[in-house]
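Please read the structure below before turning to the comments.
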């Protein structure tokens, strides 16, 4: 019997950090999951906890670091945490920090008091930082960004096998719920982005994903996916790899002919299941793939 | 044995309506639930369907009406549907249409082509239209509007019974997920709002809820609730009643003293369960309550 | 401006009670929500908390009562709590306790040690106890009990309007997710069921619902609903009223003719949305309806 | 720019298969997701669909195969599908079929008619079959199996760092929601299990997981995890590898001392987030790891 890959930690620590700049407050709202691995055979084989930092202590560290280091960006916060666990615990050889970030906007009120917020509920931003004592891997990303083109999408020319019944179309709705993760080129040493630069990089990547989705006259969701991913690689020099997982959120044209009505791409039924699921990685020339296929979120 | 109140229909019809104004497209995205009641004893007692309009036909009607009448506003669409079922089926005495609406924004791209959208995922807008052949009841509302004040909230002076352990506080985060329903004064005849007026009324009520939440220096969530509801009644002449259901989304100050750290209202733990739940109705003077207590969404 | 109906309390207190009978343990797993109402105008109008028992204290009471009174049945536990709040706080005129109960079974291991459990994840049992200082209302119920008949269901003879396209059928799957609430006749004074009797009453009602569903040759889901509800009223003398909410979980016959295959009621597609929703109340002769229509769970 | 790993297909096909054995019916209820990969550069780079079997056709195949082959076991059904896609489409080099299976029990009614079912809602069974034209990989598993020991669990002797505050305990509740995947030794050729043998293998593995959880006097959740996994490897010769993901569903002892009450491990608060998350792979001696770490379900 062999103990294979193993890891542990406290998942889903919901930390909210307020910064008071006089009457103007700022908010960061994160969901932080810690996962540690290393010299942990004893606890599995005999229940000896002598090398085990408790998951409760990892939770406490998240909240303490929110005070000690602040939260400028999810990625930077993850770097602080991962470094701490690997460098302070001999038995911990690798730390992986996963973060979800929820966006808040301001409620618009006159006057100097600015401490009222409304959750924007746009996409969830994600970050994953892994450190093994030598090299860093930083993945940024987003999920649940739902986009739709109401035209400029066709689908035809596909294989017709015994089980093919789908009619070809020259004009359809194309909609998807973007799940994207991208890997930064930085792996340690010089060139580390400044704490706030991670935020700007996120906004840039997000904008390129949206623009590429909107700008692509689509002959297949795969083509749109490649257009989105390659635009990020092309426009964001600090990103070497991106993986996209795009469910095809089908919008079926409602059949109104029984009621004597035309339906010239006006009325659709938004379906739940099943859905097409299109997934691919796009890499900068020369880059080695590092984003896991079929990985759980983020 | 007596058959009491009964109703039936097709729930959660996901209809998406595109309007093409040249290269500029518009989108409406609704989830429509139909519920009919009336002379329906036979089908319950004997399974005789002679008076039963099928739930499938009610679904078809939703999609057909999206074409025939368009969708200017959720409320107006509900009025078309409710009137149709009551006036076209002798056995249907009352129709209630419930609608959720999901907001989309435009993806910002240059040029005349404007057919790319991103789901905003802000709150869900709701509408409920009930018609019994004579009178109309129109409820509008919203749910999942999450708001937070990072200061200007106190809580003290409450009852101290045997089971009270909560320390008083002079500065806390106050956060809630607003679920609101408001009843329009219009019940038929003259004074019916124009189709697009329902949309403007929605935006006004939403703004007043947000502003009242932000502006209230709060001594209790009940006070904030009353401030929100009374502002809507005060500022929106077409609304006679509002009911608010406000879960207190607790943000507990993280205890950092074991680590030698202060926490001057900077680092919070966002809790899930349990949560306080504060609910109340506010009515215009002279109005009779019409919004059900403890009603399911919307 | 008038303050209408209002209520407050701590929702979703997740209390687990273990009873140790030597090496044999017993478990009760509840989700308890407290809602209080009464003389609460001040806190809404001015933020004065002098009459407010904190929601935190109501939470503490739930956990303390789990120790002091034990949890024999959800209904009895709710009675203890509701009585306490109304009789101990002058400002509280009515208390409503809602409970969800999750079932656990034993993991079958030999020997005297019996302290290992597996969550059964069958339906969720519900209870709601309301006390206004004089009268009691006890609603029991269940939700998410999913049942299916693979035959003995027909659907035909219905209205054919302009929007009707559904073909009639003489053999279909009938499936639903039962949400039921029933009202006990007891309202106070003598005749109060013993604590454990509520559990037996629950199991009896559940069995009658299942048996009636299975035994009914169905011409409509309304007929099946009435058969289920009337059987409970008929067979359970302590129950005066029942309300059922039955989504029609559609199973559509897959069309295999394009592939040269028959489908003699063998292969179905289980749909999510939209779904028919059939709701009705059945009452004992002479009983007044007391279960809210359109009420939120439970 | 390089197109890296990519795959596509129809996800979440909800197929229900009824078998009529006279008046006795049998039911299989699956959620099937198809994912294909191979020579798919063209569709990404240019939108040319000439090598693309539509996701719609993969959906049709699922329903057609439910008729043509029946569904004896999830694994066998996945084998039929994976073989078909790889052998019938030149461009498809690898097929991966993921299946969730939902368990139904019979509603107990007298007489020969046995066509009434109640969904058991116990854990979800999972299967994943991958075929690349030469080798097979079959993963079976389960998720959402919630188990609890009310005693025989201790936790102490762990690292005490600056952020450690957790008190040691000699008696706690240990509860988890088991997510397990195990890899069968069979990879093709002789030794392929008979279709129904997959079902027996599933029930055996499930029983060993439950028994090991119940039988282990636990000093840490890691120890319990290893005990569960190693028992499956030890007792099930056809299984070479198992990966377990065990969230620690914390049950915190309610502090009743402010109310003058003891709490001798009787009353607990069941927490939601954060939670410990313990994950590990256990392998038979000589086996190579094949189950992805951090894989999405199943």
Filter the range A:1-29 down to the residues that are within 14 Å of chain D (Cβ to nearest Cβ) and not in a strand (DSSP E or B), then identify the one that is modelled with the lowest pLDDT. A:1
Give me the helices (runs of 4 or more DSSP H) completely within the range B:38-122, filtered to those with at least 1 residues that are within 13 Å of chain C (Cβ to nearest Cβ) and over 30 Å from residue C:217 (Cβ atoms), ordered by residue number. B:55-68, B:74-88
Failed item, numbered, when residue D:204 is tested on (1) under 24 Å from residue D:272 (Cα atoms); (2) in a helix (DSSP H, G or I); (3) free of Cβ contacts under 8 Å to residues at least 60 places away in the same chain: (1)
Which numbered condition in (1) in contact (Cβ under 8 Å) with a residue 24 or more places away in the chain; (2) within 15 Å of residue C:276 (Cβ to Cβ) is the only one that residue B:57 fails? (1)
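Any idea which of C:191, C:141 is farther than 30 Å from residue D:26 by Cβ and without any contact (Cβ under 8 Å) to a residue 60 or more places away in the chain?
The match here is C:191.
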Filter the range C:153-176 down to residues that are surrounded by 18 or more Cβ atoms within 10 Å (Cβ to Cβ) and either within 27 Å of the chain's Cα centre (by Cα) or under 15 Å from residue C:250 (Cα atoms) (or both), then give me how many there are. 8
Residue pairs within 6 Å by beta carbon, gap of at least six or interchain, first lying in the range D:269-298 and within 7 Å of another protein chain (Cβ to nearest Cβ) and closer than 17 Å to residue A:34 by Cα, second at pLDDT below 95 and part of a loop (DSSP other than H, G, I, E, B), listed first then second, are D:294/A:296; D:295/A:294
In the range D:239-266, what count of residues is obtained for those that are part of a strand (DSSP E or B) and within 19 Å of residue C:62 (Cβ to Cβ)? 3
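A quick yes/no check of all residues on (1) over 24 Å from the mean Cα position of the chain (by Cα); (2) within 30 Å of residue A:41 (Cα to Cα):
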{"residue": "D:189", "(1), (2)": "yes, no"}
{"residue": "D:196", "(1), (2)": "no, no"}
{"residue": "D:208", "(1), (2)": "no, yes"}
{"residue": "D:243", "(1), (2)": "no, yes"}
{"residue": "D:256", "(1), (2)": "yes, no"}
Quick one: would you say residue D:231 is under 18 Å from residue D:280 (Cβ atoms) and either assigned by TED's automatic domain parsing to the domain that holds residue D:294 or out of contact with any strand residue (DSSP E or B) (no Cβ under 8 Å at 6 or more places or on another chain) (or both)? yes
From D:165, D:151, which residue is closer than 25 Å to residue A:51 by Cα, part of a loop (DSSP other than H, G, I, E, B) and in contact (Cβ under 8 Å) with a residue 24 or more places away in the chain? D:151
Every listed condition ((1) touching a strand residue (DSSP E or B) at 6+ places or on another chain (Cβ under 6 Å); (2) under 21 Å from residue D:198 (Cα atoms); (3) facing chain C (nearest Cβ under 7 Å)) holds for residue D:126 save (3)
Does the range D:102-117 contain at least one residue that is touching a helix residue (DSSP H, G or I) at 6+ places or on another chain (Cβ under 9 Å), surrounded by fewer than 24 Cβ atoms within 10 Å (Cβ to Cβ) and within 21 Å of residue D:128 (Cα to Cα)? no
Within the range C:247-266, which residues are at the interface with chain B (Cβ under 9 Å from one of its Cβ atoms) and touching a helix residue (DSSP H, G or I) at 6+ places or on another chain (Cβ under 8 Å)? C:248
Return only the number of the condition from (1) more than 9 Å from every other protein chain (Cβ to nearest Cβ); (2) in a strand (DSSP E or B) that residue D:228 does not satisfy. (2)
Residue B:269 passes all but one of the listed conditions (1) touching a helix residue (DSSP H, G or I) at 6+ places or on another chain (Cβ under 9 Å); (2) surrounded by fewer than 21 Cβ atoms within 10 Å (Cβ to Cβ); (3) not in a strand (DSSP E or B); the exception is number (3)
Taking the range D:123-132, which residues are part of a loop (DSSP other than H, G, I, E, B) and crowded, with 24+ Cβ neighbours inside 10 Å? D:123
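Going by the conditions given, is residue A:214 touching a residue at least 60 places away in the same chain (Cβ under 8 Å) and either surrounded by 20 or more Cβ atoms within 10 Å (Cβ to Cβ) or in contact with a helix residue (DSSP H, G or I) (Cβ under 9 Å, 6 or more places away or on another chain) (or both)?
For residue A:214, the condition - touching a residue at least 60 places away in the same chain (Cβ under 8 Å) and either surrounded by 20 or more Cβ atoms within 10 Å (Cβ to Cβ) or in contact with a helix residue (DSSP H, G or I) (Cβ under 9 Å, 6 or more places away or on another chain) (or both) - is met.
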Quick check, is residue D:181 at pLDDT 95 or above and either in contact with a helix residue (DSSP H, G or I) (Cβ under 6 Å, 6 or more places away or on another chain) or in a strand (DSSP E or B) (or both)? yes
Kindly indicate whether residue D:123 is closer than 28 Å to residue C:153 by Cα and touching a helix residue (DSSP H, G or I) at 6+ places or on another chain (Cβ under 9 Å). no
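Go through the range C:71-96 and give me each residue that's within 17 Å of residue C:199 (Cβ to Cβ) and either surrounded by 24 or more Cβ atoms within 10 Å (Cβ to Cβ) or in contact with a helix residue (DSSP H, G or I) (Cβ under 8 Å, 6 or more places away or on another chain) (or both).
Answer for the range C:71-96, where residues must be within 17 Å of residue C:199 (Cβ to Cβ) and either surrounded by 24 or more Cβ atoms within 10 Å (Cβ to Cβ) or in contact with a helix residue (DSSP H, G or I) (Cβ under 8 Å, 6 or more places away or on another chain) (or both): C:71, C:72, C:73, C:74, C:75, C:76, C:77, C:78, C:80.
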Identify, by number, the condition in (1) over 26 Å from the mean Cα position of the chain (by Cα); (2) more than 30 Å from residue A:242 (Cα to Cα) that residue D:52 doesn't meet. (2)
Is there a residue in the range C:191-198 that is in contact with a helix residue (DSSP H, G or I) (Cβ under 6 Å, 6 or more places away or on another chain) and modelled with pLDDT of 95 or more? yes
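The values are calculated or read from the model by the stated rules, or taken from the named source; none is laboratory data. Quick caveat: nothing in here was measured; it's all calculated off a predicted structure. With ideal geometry, Cβ positions are generated from the backbone for all residues, glycine too; neighbour counts draw on all protein chains shown.
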